[in-house]
Amino acid sequence: MKIFTSTQIHELDKYTIENEPVSSIGLMERAADRLMQQFRKNWSLNTEIVIFAGPGNNGGDGLALGRMMLQVGYEVQVILLQTGKLSAECRQNKERLQEYFPDNISEQTSRFLPPETNRDAVIIDALFGSGLSKPIEGIYRDAVEWINKQPNNVVAIDIPSGLPGEACMSVADCVVGADFTYSLQFPKLSFLLPENEKFVGKWNLIDIQLHPKGIEKTETGMIYLDKTDIQQVLKARSRFSNKGNFGHTLIWAGKKGMAGAAVLVSKAALRSGAGLVSVHSDEMNRIILQTTAPEAIFKTELDNIEAYNAFAFGPGLGTDSHTTEMFTELLKSLPGPCVLDADALNIIALQPHLIDYIPVDSVLTPHPKEFERLFGKSVNSLERIRLAREKSRELNVVIVLKGANTLIATPDGKLYFNSTGNPGMASGGMGDVLTGIIAGLMAQGYSSADSSILGVYLHGLSADQALFYQSEESLLASDVIAQLGSAFKLLRT
């Protein structure tokens, strides 16, 4: 699914109006209908509703939604805040609401007067959409500040008022703090930035059927990965396949006492479909590895590397001088791209000249602190995303920046944001599992970019499947490996 800028979404609205064809007010009516359908899924008819509408088209959406809610039986107060001219669509929806339900709408033009409401009421924010280009001031600011002090659930229409579509905000900014956001058609980049979680809350996409040809024609470098995107990447297997068709992965992981890292990477690579997996680890880890992952081949030496189709290095290795020396020599001699994680990245951060030896199309999988050690500090997550895109292009590597909505930056400048996963993944070993999945996919002939995109999605989907049996608190990295099979099955349905 494409992620568009606020300007592009405005252009897609225009394209839909011109080419469907549908009038602007007709498109707004459709959006309000879809919003009400979503609202009825979440809130019963005996819910009291307070809608704050602004002077633009976001306000028009709110006015139309209020009218439809009243028609089906909700108890609704609509407060229209306006200090100047209303948009044509907002004015038309104001007139429609006044015609049918004159007692349910009030206007405020110079001073904000808080409504009387109970704590069980739902407040709907339809003050401003994503096109707002200046800070909220005056009675609008007073309204936002009042909303944010209330204990009520707050639902934002399209985007919380005051939050731009492509920016990080702080608590000092005047932004509605929504509990839920009903976004029209597309996610906004700002929804994917951790700084904005306190404003956006949980968000749903509301399909308002913007013109598919307009969506197809509009270029963007940002994708929010969904099942359809991933199914286009996933390959079918021939019934006449053998293990040689699915490649041989070489893993180097686990110093003495860190056998768990080697086990997790190896089992994840095996479960992701690699034909063979060899693992080099400290000799003290041999019995543990061969007992817990008997399908993996234990390697005493890192030799004959031309025989392998994919490589993954780093989890649990440590950064001592001997390991650093071995890693340096190995990096210089690799015949193809590799997956670099954890201590492999830490060694490179300590020895920056090693960046020059990273093979083209390799995959780097840092978490934010590892990324910072490699490439320097960023002011906020948006700047970190831009830096990841820059470094991916510069080094000709794929960067998988781990976290909620894990980012995959590819050398062609594209940014992919993951839609799967849950907070239970914030525990040790999860990154090791991802490294193994990506390396296992690379062994099967997937490109570095496709291995990363598919691997990240599968990783999160497996964790989501695991929550049928675990809680977010109890989820372990091994639970994710155990659910890889069910994740693959879901993608093939």
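Data table
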{"quantity": "Tally, over region 113-132, of residues that are buried (at least 18 other Cβ atoms within 10 Å of the Cβ) and over 20 Å from F180 (Cβ atoms)", "calculated": "0"}
{"quantity": "Set S381, S427, S419, S362: member being closer than 24 Å to T328 by Cα and of a type in the set (S, T, N, Q)", "calculated": "S362"}
{"quantity": "Test: residue in region 134-145 that is over 27 Å from M169 (Cβ atoms), in a loop (DSSP other than H, G, I, E, B), hydrophobic (A, V, I, L, M, F, W, C) and touching a residue at least 24 places away in the same chain (Cβ under 8 Å)", "calculated": "no"}
{"quantity": "Residue within region 78-91 that is surrounded by 19 or more Cβ atoms within 10 Å (Cβ to Cβ), in the same structural domain as Q185 (by TED's automatic domain parsing), outside any strand (DSSP E or B) and small (G, A, S) present", "calculated": "no"}
{"quantity": "Residue identified as at pLDDT 95 or above and either surrounded by fewer than 19 Cβ atoms within 10 Å (Cβ to Cβ) or closer than 20 Å to S272 by Cβ (or both) among A388, A409, A439", "calculated": "A439"}
{"quantity": "Scope region 394-416; condition closer than 13 Å to L364 by Cα and not in a loop (DSSP other than H, G, I, E, B); matching residues", "calculated": "L395, V398, I399, V400, L401, L407, I408, A409"}
{"quantity": "Top-ranked residue in region 360-374 [being touching a strand residue (DSSP E or B) at 6+ places or on another chain (Cβ under 9 Å) and not aliphatic (A, V, I, L, M); ranked as surrounded by the fewest Cβ atoms within 10 Å (Cβ to Cβ)]", "calculated": "P368"}
{"quantity": "Complete set of residues in region 64-77 that are surrounded by 19 or more Cβ atoms within 10 Å (Cβ to Cβ) and in a loop (DSSP other than H, G, I, E, B)", "calculated": "Y74"}
{"quantity": "Search result, residues across region 170-183 that are surrounded by 23 or more Cβ atoms within 10 Å (Cβ to Cβ), under 22 Å from K134 (Cα atoms) and either modelled with pLDDT under 95 or not small (G, A, S) (or both)", "calculated": "V175, V176, T181"}
{"quantity": "Yes/no for S419 being over 24 Å from A259 (Cβ atoms) and either assigned to a loop (DSSP other than H, G, I, E, B) or without any contact (Cβ under 8 Å) to a residue 60 or more places away in the chain (or both)", "calculated": "yes"}
{"quantity": "Flag for F101 being in contact with a helix residue (DSSP H, G or I) (Cβ under 8 Å, 6 or more places away or on another chain), surrounded by fewer than 17 Cβ atoms within 10 Å (Cβ to Cβ) and either at pLDDT 95 or above or over 22 Å from I139 (Cα atoms) (or both)", "calculated": "yes"}
{"quantity": "Yes/no for E107 being farther than 27 Å from L189 by Cβ and surrounded by fewer than 16 Cβ atoms within 10 Å (Cβ to Cβ)", "calculated": "yes"}
{"quantity": "Region 307-347 - residue that is more than 27 Å from the chain's Cα centre (by Cα) and of a type in the set (V, I, T) and, of those, surrounded by the most Cβ atoms within 10 Å (Cβ to Cβ)", "calculated": "I347"}
{"quantity": "Selected residue (only one of P160, P135 is surrounded by fewer than 16 Cβ atoms within 10 Å (Cβ to Cβ) and of a type outside the set (A, V, I, L, M, F, W, C))", "calculated": "P135"}
{"quantity": "Extreme residue, surrounded by the most Cβ atoms within 10 Å (Cβ to Cβ), among residues of region 230-287 that are touching a helix residue (DSSP H, G or I) at 6+ places or on another chain (Cβ under 8 Å) and of a type in the set (F, W, Y)", "calculated": "W252"}
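Matching residues to (1) under 22 Å from G221 (Cβ atoms); (2) part of a helix (DSSP H, G or I); (3) among the hydroxyl-bearing types (S, T, Y):
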position: S427; (1), (2), (3): no, no, yes
position: T435; (1), (2), (3): no, yes, yes
position: M442; (1), (2), (3): no, yes, no
position: Y446; (1), (2), (3): yes, no, yes
position: Y457; (1), (2), (3): yes, yes, yes
position: S462; (1), (2), (3): no, yes, yes
position: Q465; (1), (2), (3): no, yes, no
position: S474; (1), (2), (3): no, no, yes
position: S478; (1), (2), (3): no, yes, yes
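The values are calculated or read from the model by the stated rules, or taken from the named source; none is laboratory data. Worth saying up front: this structure is predicted, and the values here are computed from it rather than measured. No Cβ is skipped: glycine too gets one built from the backbone with ideal geometry, and neighbour counts run over all protein chains shown.
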